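This report refers to the structure that appears directly beneath it.
The values are calculated or read from the model by the stated rules, or taken from the named source; none is laboratory data. These figures come from a predicted structure and were not determined experimentally. A quick note on method: Cβ atoms are made from the backbone with ideal geometry, for glycine too, and the neighbour counts reach across all protein chains shown.
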Amino acid sequence: MSETLPSVYLFDGEDEFTIAQTVKELIERLGDPALAEMNTTRLDGNTFDPDQLLSAAGAMPFLARRRLVILTHPTARLNSPTARKKFLEQLSRIPPTTALILIEPKTLTADRDRRKNQVHWLEKWVIENPGRAQWIHAPQPKGDQLTQRIQKMAASYGGQMKPEAARALAFLVDGDLRLADQEIQKLLAFVNRQRPVSEEDVMAITADSNQGDIFELVDALAMRDARNSMRMLHRLLEYNDYFAIFGMITRQFRLLIQVREALDRGVSEGSIASYLKIHSFLSAKLVQQARRLTMSELENAYHRLLEVDKAVKTSQADGELALEIFVTTFTAAPTEPLFNY
């Protein structure tokens, strides 16, 4: 008897890395990569007409058992009960020869709503159709969950990480699993998988390489040095993808805002580490850097990074280009926004 597979997969949650990895596995099940690409259609709910869903999903697969239709932000334009009802009717008619993958990069049902049994309408439909649909929730792991996740990722690559090493890496990547994945592979290569990765290894490899480059980039930004800022950005992009770099830069400015706020409240430099619960090796550098920037400049940078994130996620700008625009405009310090929509 052949296996009956769901016609609809719903992914929701902020863990973009896990969602991307799982979708990649689904694509690999199609077999030959060239045929897989021919049988995969990618759509964005921000621009795609939901009334055309069946047309997109109804095509027969070419020399493959199934074809994939990947729809990101599926609920973006479903703002009325009528539109939602029509969309759900279309989901019920997705043919078995197509796997429709719905990706919502946020948690559809907040914990407070779930406790009240108020489940999001799309999640509710998927749960009520277990044979036809499957729900994969991917929240951003935090705390001990993130530490354990990092250890499991290391194990999947044939290596080991001590708990204190995983906690240090979790802090450095600030929940960014895509960045954690890159750093885990570097750390396992560093120890040649002959021993567990230690906290000292993390401090030597991850903290000194990426963190050092990030500090140099922010230093150059603070001095309005466009040339060196762009040089450091390109240096980071040589070894990391957009998502990793964006996560590191955003985290740096978030930490600087917290440090600047603490200093303005009268917290002593020696107490910053304990006050903000950050590693002591970072606090001294953060304090030095925070004193070079005003709170308004830091908040300005953070808001601009939110614009970068929005532009990339809505396909209005390429990731690397968006970061270059951020560097150029921040060093020039204009008053106008980054992007004109």
Problem set entry | Any chance LEU54 is hydrophobic (A, V, I, L, M, F, W, C) and in contact with a strand residue (DSSP E or B) (Cβ under 8 Å, 6 or more places away or on another chain) | no
For this session: Only residues that are buried (at least 20 other Cβ atoms within 10 Å of the Cβ) and without any contact (Cβ under 8 Å) to a residue 24 or more places away in the chain: list them for segment 222-232, please.
Result: MET232
Seminar exercise, completed: Of ALA155, ALA166, the only residue that is crowded, with 17+ Cβ neighbours inside 10 Å and either over 20 Å from VAL23 (Cβ atoms) or in contact (Cβ under 8 Å) with a residue 12 or more places away in the chain (or both) is ALA166
Seminar exercise, completed: Considering residues that are surrounded by 15 or more Cβ atoms within 10 Å (Cβ to Cβ), within 25 Å of LEU43 (Cα to Cα) and of a type in the set (A, V, I, L, M), the number found within segment 306-328 is 6
For this session: Could you check how many residues of segment 89-134 are of a type in the set (A, V, I, L, M, F, W, C) and surrounded by fewer than 15 Cβ atoms within 10 Å (Cβ to Cβ)?
Result: 2
Problem set entry | Residue among THR109, THR147 that is in a loop (DSSP other than H, G, I, E, B) and not aromatic (Phe, Trp, Tyr) | THR109
Exercise. Considering ARG291, ARG254, ARG231, which residue is more than 26 Å from the chain's Cα centre (by Cα), more than 27 Å from GLY159 (Cβ to Cβ) and not β-branched (Val, Ile, Thr)?
Worked result: ARG291
Problem set entry | Within segment 233-303, helices (runs of 4 or more DSSP H) holding 2 or more residues that are free of Cβ contacts under 8 Å to residues at least 40 places away in the same chain and buried (at least 20 other Cβ atoms within 10 Å of the Cβ) | 242-264, 280-290
Exercise. Would you say LEU43 is more than 25 Å from the chain's Cα centre (by Cα) and either assigned by TED's automatic domain parsing to the domain that holds LEU91 or of a type in the set (Ser, Thr, Tyr) (or both)?
Worked result: no
For this session: Could you check, for segment 190-197, whether at least one of its residues is part of a helix (DSSP H, G or I), at pLDDT 90 or above and surrounded by fewer than 18 Cβ atoms within 10 Å (Cβ to Cβ)?
Result: yes
